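Report on the following structure.
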Amino acid sequence: MKTRSHHLSRVICFLPVAAWLMFAPLAPSADAAVVTGSWKAQAKSCTMVLEEEDRSTYHLRVLQVQDKITTPCMPSAQDFTDAFNQVMRDAAPFQKQGREAVRIFLGRLVELPEMSRELSSTARQAREWNLAAGKPVRGTQNVFVARLLLKSDTLRELLGGLRPVHISVEKVLVPSRDMVTKWKRGASYPNKRVPYDCLLWVELAAAR
């Protein structure tokens, strides 16, 4: 008999496609910034693109192009880290910006399956999260999720050992009661009212 945690891990693997189709309009528009630099690296069949915007912040995308259609692409954790290390070496943002920390938009958390799973699992066990209500006991969802992610060793490993010194999130997604019921019938949502996706910005400092 499969365990509940096994089901959750399996289901969240399908979340990126479903969530992208439902919530793609949540992503910030690229029209608002001018791209002043761009670097690419391959992560197996995925292409990672790091763009410098307005000579200040950075925007990371991991894409796959098939039949002229661009879709999110999710490499393994190690392939993601290797590609991220390469684009960061090529872009050299710390030297170029002359700052100790640089700000990068990482996109949607659900496109980093390891992080999505970890967030849902950690929130489910946190005393500060009200499972029945699907929200923090105190404060906002954004602050709660940002605090959890800032403590994440998984995130630091994905980012090649660079140190997240500040995290901000928007558009946190938590399944409604109806979604949780549908999950029990086979739909692709976590089986509890916990956060599993958001838009993620990190300020990174060089590894010590």
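The values are calculated or read from the model by the stated rules, or taken from the named source; none is laboratory data. This is a predicted model, so every value here is computed, not measured. Methodologically, a virtual Cβ is constructed for each residue, glycine included, from the backbone with ideal geometry; neighbour enumeration extends over all protein chains shown. Accessible surface is based on the protein model in full, side chains and every heavy atom, while ligands, DNA and RNA are left aside. Shrake-Rupley method; radii C 1.70, N 1.55, O 1.52, S 1.80 Å.
Things to note:
- Of everything in the range 81-135 that is under 20 Å from Leu148 (Cα atoms) and free of Cβ contacts under 8 Å to residues at least 12 places away in the same chain, the residue that is surrounded by the fewest Cβ atoms within 10 Å (Cβ to Cβ) is Arg127.
- Scanning the range 136-149 for residues being crowded, with 17+ Cβ neighbours inside 10 Å and part of a loop (DSSP other than H, G, I, E, B) gives a total of 0.
- Within the range 71-80, considering residues that are of a type outside the set (Gly, Ala, Ser), in a helix (DSSP H, G or I) and open to solvent by 20 Å² or more (accessible area, probe 1.4 Å), the one farthest from Val49 (Cα to Cα): Gln78
- Note on the range 86-131: residues that are among the aliphatic types (A, V, I, L, M), within 16 Å of Thr36 (Cα to Cα) and within 19 Å of the chain's Cα centre (by Cα) amount to 4.
- Number of the exception - Ser152 against (1) open to solvent by 40 Å² or more (accessible area, probe 1.4 Å); (2) touching a helix residue (DSSP H, G or I) at 6+ places or on another chain (Cβ under 9 Å); (3) under 30 Å from Phe94 (Cβ atoms); (4) free of Cβ contacts under 8 Å to residues at least 40 places away in the same chain: (1)
- Scan of the range 43-70 for residues that are in contact with a helix residue (DSSP H, G or I) (Cβ under 8 Å, 6 or more places away or on another chain), assigned to a strand (DSSP E or B) and either under 27 Å from Arg99 (Cα atoms) or of a type in the set (Val, Ile, Thr) (or both), ordered by number: Met48, Val49, Leu50, Glu52, Tyr58, His59, Leu60, Val62
- Ser176 satisfies every condition listed in (1) surrounded by fewer than 19 Cβ atoms within 10 Å (Cβ to Cβ); (2) in contact with an Asp or Glu (Cβ under 9 Å, 6 or more places away or on another chain); (3) not basic (Lys, Arg) except (2).
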